[in-house]
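Values in this text are rule-based calculations from the coordinates and carry no lab data. All values derive from a computational prediction rather than experimental measurement. Note that each Cβ is placed from the backbone with ideal geometry, even for glycine, and that neighbours are counted across all protein chains shown.
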Amino acid sequence: MKYAEIKDMSAADLAERIEAEKANYQQMKLNHAVSPLENNSKIKAARRDVARLMTALRQSELNK
């Protein structure tokens with residue numbers, strides 16, 4: 001997900017998306033522990049997406 005798409009989202013949308021992405025990230029980690037994923041760089045990308053979303057949410061909170 002690109003930052004340009006994220007910064008146009010509202011705070012409520014960001015919070016909802018963060019929860020969904022965190023759940024997806026945790027599920028990928030669990031699946032990888034049980035049986036290795038074909039492309040384990042997706043785990044890294046998911047973690048960075050969560051961080052990107054959390055940063056955008058914090059910036060929107062500070063700009064109010």
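Quick look at the numbers
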quantity	calculated
Residue in the stretch 52-63 that is hydrophobic (A, V, I, L, M, F, W, C), surrounded by 14 or more Cβ atoms within 10 Å (Cβ to Cβ) and assigned to a loop (DSSP other than H, G, I, E, B) present	no
Top-ranked residue in the stretch 12-26 [being among the hydrophobic types (A, V, I, L, M, F, W, C) and exposed (fewer than 13 other Cβ atoms within 10 Å of the Cβ); ranked as farthest from Ile43 (Cα to Cα)]	Ala12
Pick from the stretch 6-26, criterion assigned to a helix (DSSP H, G or I) and polar (S, T, N, Q), ranking: farthest from the chain's Cα centre (by Cα)	Gln26
Residues located in the stretch 27-43, provided they are out of contact with any Lys or Arg (no Cβ under 7 Å at 6 or more places or on another chain) and either outside any helix (DSSP H, G or I) or surrounded by 12 or more Cβ atoms within 10 Å (Cβ to Cβ) (or both)	Lys29, Asn31, His32, Ser35, Pro36, Leu37, Glu38, Asn39, Asn40, Lys42
